[in-house]
Amino acid sequence: MSDTTNPVRDTVILGSGCAGLTAAIYAARSNLKPLVLEGHEPGGQLSITTLVENFPGWPEGVQGPELIENMKKQATRFGAELRMAHLSAVDLTTSPFTLTLGKDIVHTRSLIIASGASARWLGLPSEQALIGFGVSSCATCDGFFASGKEIAVIGGGDSAMEEALFLTRFATKVTIINRSENFRASKIMLERAIAHPQIEFLHNTLVEECLGVEEKDLKGLKLFDRKSGARWTLPVSFMFLGIGHTPNASAFKGQIDLDTDDYIKTEDNVFVTLMGERLPGIYACGDVQDRRYRQAITAAGSGCMAALEVEKFLEEHGR
Ligand code: NDP
């Protein structure tokens, strides 16, 4: 491990999604030369989505990856450094903070945690065995492989509706399987899905098993109807998960306050705490701390706030 050649950074941003890149734009424009660690999913969730229709300033919508690419260009133009690196350990107990990135160590006076959230899985062994063989959590990435097939989308929120609508471009029929009676999806998304002739719905239905593990090819889903108690098989060649996300905050467990679902607790939007006390120089923004709104624009907004707080913090500490 080597850290002698690395000067202490003014700020490091963990994550390169909408929140992290907005923080990078602001921090770079304040001449803080932020280091952005891109993490496991560079570009975050926007980089695996399709059309974003609700980001202000794009009347016709913008493709998620294009939006992210533009943000990267904007951040680097002002001096942000983007690095493909994963955090393997972190020590926030002493300042400057220490980040271990495989063989490298980075010290920083301030830290913006914008590590986002990752797609959730059902957790069935058969599901895990068939990831990449008919089971996917990314419609944008794998939709093409569902061409001409009958498929299932799991979930009842906006993610599931969005995935299902997108997948109708490829699949002949999409069955949305919702474990509850009611949907969490917004009215507009739900109405679009209901109106689509290729989309059908199953309510109160749980997936108990993915069939085809031996063949390494999804053949169908063993379903359980929670109301009638009936068990039956839906023959589908693809299953896409759209059941929400888990915040990427496990590396910080014990060092900062997390809520019961492991979202980072924040005060005044971006201030990170430990046992209720604010930790100077550490901020969180975007989906890793936002279980309520989880929108690209709110992530960007909190990224901006985090960078402004970093600026203030460094100024107060003589930088
Ligand atoms: P949500 O939390 O809104 O919905 C998750 C869905 O998955 C629920 O229907 C939930 O069921 C179901 N679910 C969760 N765990 C399981 C499980 N283990 N097995 C089966 N079903 C499960 O998450 P989304 O990702 O859909 O949306 C998150 C946020 O992002 C929302 O605010 C949404 O509006 C926004 N969004 C906006 C989009 C847009 O504007 N284009 C697109 C996508 C998301 P239950 O209700 O029973 O808990």
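A few remarks follow.
- Of all residues making up region 146-171, the number that are assigned to a strand (DSSP E or B) and more than 6 Å from the ligand (Cβ to nearest atom): 4
- Residues of region 284-298 classified as within 10 Å of the ligand (Cβ to nearest atom) and either buried (at least 24 other Cβ atoms within 10 Å of the Cβ) or in a loop (DSSP other than H, G, I, E, B) (or both), total: 8
- Failed criterion for residue 83 (all others in (1) in contact with an Asp or Glu (Cβ under 8 Å, 6 or more places away or on another chain); (2) within 16 Å of the ligand (Cβ to nearest atom); (3) without any contact (Cβ under 8 Å) to a residue 60 or more places away in the chain hold): (2)
- The condition of being among the acidic types (Asp, Glu), under 25 Å from residue 100 (Cα atoms) and either buried (at least 16 other Cβ atoms within 10 Å of the Cβ) or not assigned by TED's automatic domain parsing to the domain that holds residue 129 (or both) holds for only one of 259, 268, that being 259.
- Flag if residue 234 is assigned by TED's automatic domain parsing to the domain that holds residue 137, within 15 Å of the ligand (Cβ to nearest atom) and in contact (Cβ under 8 Å) with a residue 12 or more places away in the chain: yes
- Subset tally (residues that are assigned to a strand (DSSP E or B) and more than 10 Å from the ligand (Cβ to nearest atom)) for region 174-214: 10
- Filtering region 8-31 to residues that are surrounded by fewer than 24 Cβ atoms within 10 Å (Cβ to Cβ) and in a loop (DSSP other than H, G, I, E, B) leaves 8, 30, 31.
- Annotation for region 80-93: no member residue is in contact with a strand residue (DSSP E or B) (Cβ under 6 Å, 6 or more places away or on another chain), of a type in the set (A, V, I, L, M), surrounded by fewer than 21 Cβ atoms within 10 Å (Cβ to Cβ) and under 23 Å from residue 166 (Cβ atoms).
- Counting residues in region 190-204 that are buried (at least 21 other Cβ atoms within 10 Å of the Cβ) and acidic (Asp, Glu) gives zero.
- When region 254-283 is filtered for residues that are under 19 Å from the mean Cα position of the chain (by Cα) and either free of Cβ contacts under 8 Å to residues at least 12 places away in the same chain or part of a strand (DSSP E or B) (or both), the ones remaining, listed by number, are 258, 260, 264, 266, 283.
- Any chance residue 252 is within 17 Å of residue 124 (Cβ to Cβ), aromatic (Phe, Trp, Tyr) and modelled with pLDDT of 95 or more: no
The values are calculated or read from the model by the stated rules, or taken from the named source; none is laboratory data. Values in this document were obtained by computation on a predicted structure and should not be read as measured data. Note: ideal-geometry Cβ built from the backbone for every residue, glycine included; neighbour counts use all protein chains shown.
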